[in-house]
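Asker: Structure incoming, see below.
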Amino acid sequence: AQKVTQAQTEISVVEKEDVTLDCVYETRDTTYYLFWYKQPPSGELVFLIRRNSFDEQNEISGRYSWNFQKSTSSFNFTITASQVVDSAVYFCALGESGTYKYIFGTGTRLKVLA
Amino acid sequence: GAGVSQTPSNKVTEKGKYVELRCDPISGHTALYWYRQSLGQGPEFLIYFQGTGAADDSGLPNDRFFAVRPEGSVSTLKIQRTERGDSAVYLCASSLSRGPYEQYFGPGTRLTVT
């Protein structure tokens, strides 16, 4: 079965701390796609990154970085030097091959305290 | 350019009534998805359109739910005989084409069934 697990329900950090959000996925597909989205208090999901299963290269974008490890079926997201504006719910999603519909995890609520 | 828009932003209806939720995708996007998000949960897939046809409606919970996209652009999600359990935020997303492209989400319609 296709499944995404985000075991951390809520994380609180103090501004400028680094924080890692975990994502573990299950799939039978050999080709698949992984995504991270941010849902700020306003509610609209904002796309952050897409990763293809055949590309295990890690990616850095400013203060954001992603660590994709097929061996452990994980796609973790790290925010360096967190800021209050990073406070949001973060969702990891698995894109199913064929229809490319998303299977979302339950999300991790990140609170960054000033 | 304009993002995905959804109307209405909020809808309150009585149990047993019929409702229509509208989605206007990003211009030129041929793939359109509907998801439903309950409080504290990740979005759950409902239906996917490629062009005018519903390519995958496996997420529709029962036959009270139906969606159309007659001209391959705007889509309407229709719910008959609403139940209190239908209360949720209904999200629409579009992507460039069928394929592993990121989906862009609208702000959602918050449906409350009293």
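Asker: Considering only residues that are of a type outside the set (S, T, N, Q) and within 10 Å of residue A:90 (Cβ to Cβ), which ones fall in the stretch A:20-39?
Answerer: Hits for the stretch A:20-39 are A:21, A:23, A:36, A:37, A:38.
Asker: Restricting to the stretch A:99-114, and then to whatever is open to solvent by 30 Å² or more (accessible area, probe 1.4 Å) and either within 15 Å of residue A:25 (Cβ to Cβ) or within 14 Å of chain B (Cβ to nearest Cβ) (or both), can you tell me which residue is modelled with the lowest pLDDT?
Answerer: Ranking the candidates gives A:100 first.
Asker: Output the number of the condition that residue B:58 fails; it satisfies all remaining conditions of (1) within 11 Å of chain A (Cβ to nearest Cβ); (2) in a strand (DSSP E or B).
Answerer: All conditions pass for residue B:58, except number (2).
Asker: Here is a follow-up. So, residue B:113, is that one surrounded by fewer than 20 Cβ atoms within 10 Å (Cβ to Cβ) and touching a helix residue (DSSP H, G or I) at 6+ places or on another chain (Cβ under 9 Å) or not?
Answerer: Yes.
Asker: Could you say whether any residue in the stretch B:9-20 is open to solvent by less than 40 Å² (accessible area, probe 1.4 Å) and either on the phi > 0 side of the Ramachandran plot or part of a loop (DSSP other than H, G, I, E, B) (or both)?
Answerer: Among the residues of the stretch B:9-20, not one is open to solvent by less than 40 Å² (accessible area, probe 1.4 Å) and either on the phi > 0 side of the Ramachandran plot or part of a loop (DSSP other than H, G, I, E, B) (or both), which makes the answer no.
One line per residue, one yes/no per condition, for (1) within 14 Å of the chain's Cα centre (by Cα); (2) surrounded by 14 or more Cβ atoms within 10 Å (Cβ to Cβ); (3) facing another protein chain (nearest Cβ under 10 Å); (4) more than 18 Å from residue B:110 (Cα to Cα):
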site: B:43; (1), (2), (3), (4): yes, yes, yes, no
site: B:51; (1), (2), (3), (4): no, yes, no, yes
site: B:62; (1), (2), (3), (4): no, no, no, yes
site: B:65; (1), (2), (3), (4): yes, yes, no, no
site: B:71; (1), (2), (3), (4): no, no, no, yes
site: B:79; (1), (2), (3), (4): yes, yes, no, no
site: B:82; (1), (2), (3), (4): no, yes, no, no
site: B:85; (1), (2), (3), (4): no, no, no, no
site: B:93; (1), (2), (3), (4): yes, yes, yes, no
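Asker: Take the stretch B:92-106 and flag every residue that is of a type in the set (Ser, Thr, Tyr) and assigned to a loop (DSSP other than H, G, I, E, B).
Answerer: Of everything in the stretch B:92-106, those that are of a type in the set (Ser, Thr, Tyr) and assigned to a loop (DSSP other than H, G, I, E, B) turn out to be B:97, B:101.
Asker: Going residue by residue through the stretch A:58-80, is there one that turns out to be among the small types (Gly, Ala, Ser), surrounded by 12 or more Cβ atoms within 10 Å (Cβ to Cβ) and touching a residue at least 40 places away in the same chain (Cβ under 8 Å)?
Answerer: The answer is yes, given that some residue of the stretch A:58-80 is among the small types (Gly, Ala, Ser), surrounded by 12 or more Cβ atoms within 10 Å (Cβ to Cβ) and touching a residue at least 40 places away in the same chain (Cβ under 8 Å).
Asker: Further question on the same structure: Taking the condition of being open to solvent by less than 30 Å² (accessible area, probe 1.4 Å) and among the polar types (S, T, N, Q), how many residues in the stretch A:34-48 meet it?
Answerer: Total meeting the criteria: 1.
Asker: What is the residue count in the stretch A:74-98 for residues that are among the aliphatic types (A, V, I, L, M) and away from chain B (no Cβ under 14 Å)?
Answerer: So the answer is 4.
Asker: Among what's in the stretch B:21-41 and is exposed (fewer than 13 other Cβ atoms within 10 Å of the Cβ) and within 17 Å of residue B:109 (Cβ to Cβ), pick the residue that is modelled with the lowest pLDDT.
Answerer: Going through the qualifying residues, I end up with B:39.
Asker: Just to be sure before I move on: is residue A:86 among the charged types (D, E, K, R) and at pLDDT 95 or above in the structure I sent?
Answerer: yes
The values are calculated or read from the model by the stated rules, or taken from the named source; none is laboratory data. Everything quoted here is computed from the prediction, not taken from an experiment. Quick reminder, even Gly has a Cβ in these numbers, built from the backbone with ideal geometry, and neighbours come from all protein chains shown. For the accessible areas, the whole protein counts, side chains as well, though only heavy atoms, and no ligand, DNA or RNA atoms are used. Shrake-Rupley method; radii C 1.70, N 1.55, O 1.52, S 1.80 Å.
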